[in-house]
1. Looking only at region 120-132, how many residues end up being over 16 Å from L29 (Cα atoms) and loosely packed, with under 15 Cβ neighbours inside 10 Å?
2. Taking the criterion of being surrounded by 20 or more Cβ atoms within 10 Å (Cβ to Cβ) and part of a loop (DSSP other than H, G, I, E, B), would at least one residue in region 63-81 satisfy it?
3. I want to confirm something. Restricting to region 35-62 and keeping residues that are among the charged types (D, E, K, R) and under 18 Å from A128 (Cα atoms), which single residue is surrounded by the most Cβ atoms within 10 Å (Cβ to Cβ)?
4. Quick one: which of R34, R63, R45 is without any contact (Cβ under 8 Å) to a residue 24 or more places away in the chain, over 20 Å from D113 (Cα atoms) and of a type outside the set (A, V, I, L, M, F, W, C)?
Amino acid sequence: MPAVLLAPESPPLVLEPSDRAPAKARRYLTDRFRELGHDDDFVGRLVVTELVTNSYKHVGVGRIVVRVFPDGSEPLTVIEVEDQGTALPVVRDGGGDAESGRGLLLMAQMVHDWGVRRLGEEGKLVWARCAR
């Protein structure tokens, strides 16, 4: 991720891991995109839904923190989802007969770029940058 980012202007959304977390994250993202002047939040809603869903399904403990803010160096918007899990997300090839596991692949195709970084011994932050 580029080194120059603007500090988030609004407080992050802090969620408990539950099946209601993705809907709350979508509402937060929609509000933030509106504040930032975006006309379309479709990709952002897809991204935040996938990342928050992965956090509550695969980590399931601790808190989930969502941030949405403009990139300071490019006309992109950053979506971050932080959790206390240590396992890193894996993009699957989408082949076979699996009934799930394609969300990150779809997300990766729709965003400018994305990645993950560890936060100390326990925790990670997954980020994606979307066009404004």
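1. Qualifying residue count for the region: 3.
2. Within region 63-81, none of the residues are surrounded by 20 or more Cβ atoms within 10 Å (Cβ to Cβ) and part of a loop (DSSP other than H, G, I, E, B).
3. The selected residue is E50.
4. R34
Each value in this text was obtained by applying a stated rule to the coordinates, not by laboratory testing. What you are looking at is a predicted structure, and each value in this text was computed from that prediction instead of being measured. Note that we place each Cβ from the backbone using ideal geometry, even for glycine, and neighbour counts take in every protein chain shown.
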